[in-house]
Amino acid sequence: MNPEPAPDPLSSLSGWTLGLGGVLILLGLLALAAPWAAATVIDYVCAGALIAAGISQLGITAATWTWRGFWLTLLCGVLSIVAGTAMLAIPVEGIHALVTFLGLLILFEAAAKLAAAFSAPPGFPWGWILFDGIVTALLGGILLTSPAAQAGLYLGVLIGINLLSSGISFLAAGLWLRRSLG
């Protein structure tokens, strides 16, 4: 009995990469179609994550009340819940805070993409990653310098553009993987 050859892991990776590219492009188009809605969704998701993290931290704190860092952990859990609740209660202010935070985060993402572009293997579509890194850097800069009254609109539009740019980059990588597998 001859064992079947193991499937090439890159063949499934190319499918996943193409699928992720398509999903990111769809999400980017939706964000561009309704930027304030996209900004509000981002605010709610971050608020939910903060509340969940705070509750988890309080749960851990309750189990370790004799630990030396008990009070600091308790404070961090409470602050996380308060911040998340404030973002749910006052979404416009939550969006303003997110614009600054995401602007910085997107600049770090741009730096990683630019570094990846220059370390790509020969034949890889590094130009698309470079393009994605440049677009991402511009978007982060625009977010950080945006006026407060337009922060939500900018956030939704720029996140939409970022998702589109990343989706195109993933599609290019997936197509490259497919071609390289023959």
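Computed from the coordinates by the stated procedures, all read-outs in this text should not be read as laboratory data. Predicted, not measured: the structure shown is a model, and the values here were computed from it. Here the Cβ is made from the backbone with ideal geometry for all residues, glycine too, and neighbour counts use every protein chain on show.
For the pair Leu144 and Ala49, the difference between a 0.36 nm per residue extended length and the Cα-Cα distance amounts to 31.9 nm.
Under the criterion of Cα pairs below 8 Å and six or more residues apart, the relative contact order for the stretch 32-152 equals 27 percent.
Per-residue ellipticity at 222 nm computed for the chain from its helices equals -29500 deg cm²/dmol, with DSSP H segments shorter than 4 residues left out and the rest contributing -39,500 (n - 2.57). The smallest convex shape that holds all Cα atoms of the stretch 96-140, its convex hull, gives 46 Å³ per residue. The C-alpha atoms of the chain define a longest principal axis, and helix 9-33 lies at about 50 degrees to it.
The stretch 81-111 to the stretch 44-75: how many Å between their Cα centroids? Between the Cα centres of the stretch 81-111 and the stretch 44-75 lies a distance of 20 Å. 3J(HN,Hα) along the stretch 71-82: 5, 5, 5, 4, 4, 4, x, 5, 4, 5, 5, 5 Hz, from the Karplus curve 6.51 cos²θ - 1.76 cosθ + 1.60 with θ = phi - 60°, whole Hz, x for Gly and Pro. Divide the volume of the convex hull around the Cα atoms of the chain by the residue count and you get 187 Å³ per residue. At an R0 of 35 angstrom, the distance between the Cβ atoms of Leu153 and Thr66 translates into a FRET efficiency of 0.10.
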